[in-house]
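Undergrad: Here it is: the structure, laid out below.
The values are calculated or read from the model by the stated rules, or taken from the named source; none is laboratory data. Treat the numbers as computed from the prediction; the structure is a model and nothing was measured. For neighbour counting, all protein chains shown are included, and Cβ atoms are generated from backbone atoms with ideal geometry for every residue, glycine included. For the accessible areas, the whole protein counts, side chains as well, though only heavy atoms, and no ligand, DNA or RNA atoms are used. Shrake-Rupley method; radii C 1.70, N 1.55, O 1.52, S 1.80 Å.
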Amino acid sequence: MNDESHISLPALHEDLSQQQQVQIHGGRSAARRAMAAGREGLNIVNRYRILIVDDDAMAREILKRILEHAGYEVMTAGSGPEALRKLHEGIPHLVVVDLMMPEMDGFELCRRIKSHLDVPIVILSAVAAVESKVEGLQMYAEDYIVKPFEKEELVARVQRVLRRYGESAGVEQPEVVIDQDLQINFVQHWARVKGQQVTLTPTESKLLFLLVRNAGRVVTNETLLAKAWAGDEEAYEEGLRVHISRLRSKIEPNPSKPVYIQTKRGVGYRFGAKVNYPAGQEPMALAG
């Protein structure tokens with residue numbers, strides 16, 4: 001397998017002592033650039049947080065350095081269950097998922113993430129079969145990258161996905177405080193209303209996540225229908241209205257005169273309250 005495009009790299013840290021085959025396209029110079037990225041003084045141009053999920057420790061480290069070199073904050077997980085636990089620490093702006101993992105494969109992890117969070121996903125896979133690509137792109141992912149790949153290609157695709165999400169790639173905290181009467185936990189599916197905790201369904205939690213992440217802006221009915229329901233579920237505006245009504249009954253002081261979830265008739269809905277983010281965690285636009 002060793003040639004100019006498939007190279008054997010030594011471990012990047014002392015605790016990764018064994019050599020492994022890592023499929024990064026571009027030859028030895030690309031590998032050297034990836035390895036050197038962590039040693040260079042870099043100007044961080046954004047605060048976007050990316051979660052890398054791959055059971056291969058060497059691949060995780062190389063991917064981490066490539067994306068850190070591009071200016072991103074990077075978290076890593078070695079399995080699907082570990083990735084789900086990471087969501088309780090902080091919601092990433094984008095997840096990079098390897099498909100071929102033991103215990104929980106990449107598709108199952110994507111399904112679980114998308115069931116309650118509208119977080120963009122980029123799939124990495126050595127599987128180039130059309131069926132796998134179609135399933136990944138139709139059901140879960142914003143992009144599907146086949147290994148081996150160029151370092152620059154990975155960065156460009158990540159940037160494109162985040163740019164597509166734009167300023168709405170926001171809420172980083174699993175739990176946000178709206179005001180003294182309302183707190184929301186998007187990962188555990190609950191809201192605390194005037195000190196009383198109420199349970200949210202996964203769809204209610206996802207709708208609220210979409211609205212809060214775009215606080216102050218109208219989110220169209222089409223966008224909510226496309227993003228809040230799984231790819232294999234049919235969704236209609238009447239069903240959306242029913243879910244919004246139930247959500248209002250749970251979180252609004254007076255559901256008939258909503259202050260949080262406001263209707264823009266014929267267009268969509270807007271979260272009308274200001275979201276109080278911890279210092280340094282406000283939503284931001286992608287630099288460049």
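Undergrad: Being among the aliphatic types (A, V, I, L, M) and in contact with a strand residue (DSSP E or B) (Cβ under 8 Å, 6 or more places away or on another chain) is the filter here, so list the residues in the stretch 258-277 that pass it.
TA: Of everything in the stretch 258-277, those that are among the aliphatic types (A, V, I, L, M) and in contact with a strand residue (DSSP E or B) (Cβ under 8 Å, 6 or more places away or on another chain) turn out to be 261, 267, 273, 275.
Undergrad: Is there a residue being crowded, with 17+ Cβ neighbours inside 10 Å and either touching a Cys at 6+ places or on another chain (Cβ under 7 Å) or not in a helix (DSSP H, G or I) (or both) anywhere in the stretch 149-168?
TA: Checking the stretch 149-168: not a single residue is crowded, with 17+ Cβ neighbours inside 10 Å and either touching a Cys at 6+ places or on another chain (Cβ under 7 Å) or not in a helix (DSSP H, G or I) (or both).
Undergrad: Is it the case that the stretch 36-44 has a residue that's modelled with pLDDT of 90 or more and either aromatic (Phe, Trp, Tyr) or open to solvent by less than 10 Å² (accessible area, probe 1.4 Å) (or both)?
TA: no
Undergrad: Looking at residue 87 and the list (1) out of contact with any Pro (no Cβ under 8 Å at 6 or more places or on another chain); (2) touching a residue at least 60 places away in the same chain (Cβ under 8 Å), which single condition is not satisfied?
TA: Residue 87 satisfies all of (1) out of contact with any Pro (no Cβ under 8 Å at 6 or more places or on another chain); (2) touching a residue at least 60 places away in the same chain (Cβ under 8 Å) except (1).
Undergrad: Return the residue satisfying two criteria in turn: it lies in the stretch 213-243 and is part of a helix (DSSP H, G or I) and buried (at least 21 other Cβ atoms within 10 Å of the Cβ), and of such residues it is nearest to the chain's Cα centre (by Cα).
TA: Residue satisfying both the conditions and the ranking: 213.
Undergrad: Could I ask something else about it? Hey, among the residues in the stretch 91-109 that are of a type outside the set (A, V, I, L, M) and out of contact with any Leu (no Cβ under 9 Å at 6 or more places or on another chain), which one's least open to solvent (accessible area, probe 1.4 Å)?
TA: Looking at the filtered set, the residue picked out is 108.
Undergrad: Any chance the stretch 114-132 includes a residue that's in contact with a Lys or Arg (Cβ under 6 Å, 6 or more places away or on another chain), hydroxyl-bearing (Ser, Thr, Tyr) and in contact (Cβ under 8 Å) with a residue 12 or more places away in the chain?
TA: Within the stretch 114-132 (the criterion being in contact with a Lys or Arg (Cβ under 6 Å, 6 or more places away or on another chain), hydroxyl-bearing (Ser, Thr, Tyr) and in contact (Cβ under 8 Å) with a residue 12 or more places away in the chain), the answer is no, since none of the residues qualifies.
Undergrad: When you check residue 185 against the structure, is it modelled with pLDDT under 90, under 21 Å from the mean Cα position of the chain (by Cα), closer than 19 Å to residue 165 by Cα and buried (at least 16 other Cβ atoms within 10 Å of the Cβ), yes or no?
TA: no
Every residue, every condition in (1) in a loop (DSSP other than H, G, I, E, B); (2) among the polar types (S, T, N, Q); (3) out of contact with any helix residue (DSSP H, G or I) (no Cβ under 9 Å at 6 or more places or on another chain); (4) farther than 20 Å from residue 186 by Cβ, yes or no:
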position: 67; (1), (2), (3), (4): no, no, no, yes
position: 97; (1), (2), (3), (4): no, no, no, no
position: 104; (1), (2), (3), (4): yes, no, no, yes
position: 109; (1), (2), (3), (4): no, no, no, no
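Undergrad: Go through (1) in a helix (DSSP H, G or I); (2) open to solvent by less than 10 Å² (accessible area, probe 1.4 Å); (3) without any contact (Cβ under 8 Å) to a residue 40 or more places away in the chain for residue 135 and report which single condition fails.
TA: Unmet condition: (2).
Undergrad: Select from the stretch 80-90 the residues that are in a loop (DSSP other than H, G, I, E, B) and open to solvent by 20 Å² or more (accessible area, probe 1.4 Å) and write down the one among them that is nearest to residue 49 (Cα to Cα).
TA: Among those that are in a loop (DSSP other than H, G, I, E, B) and open to solvent by 20 Å² or more (accessible area, probe 1.4 Å), it is 89.
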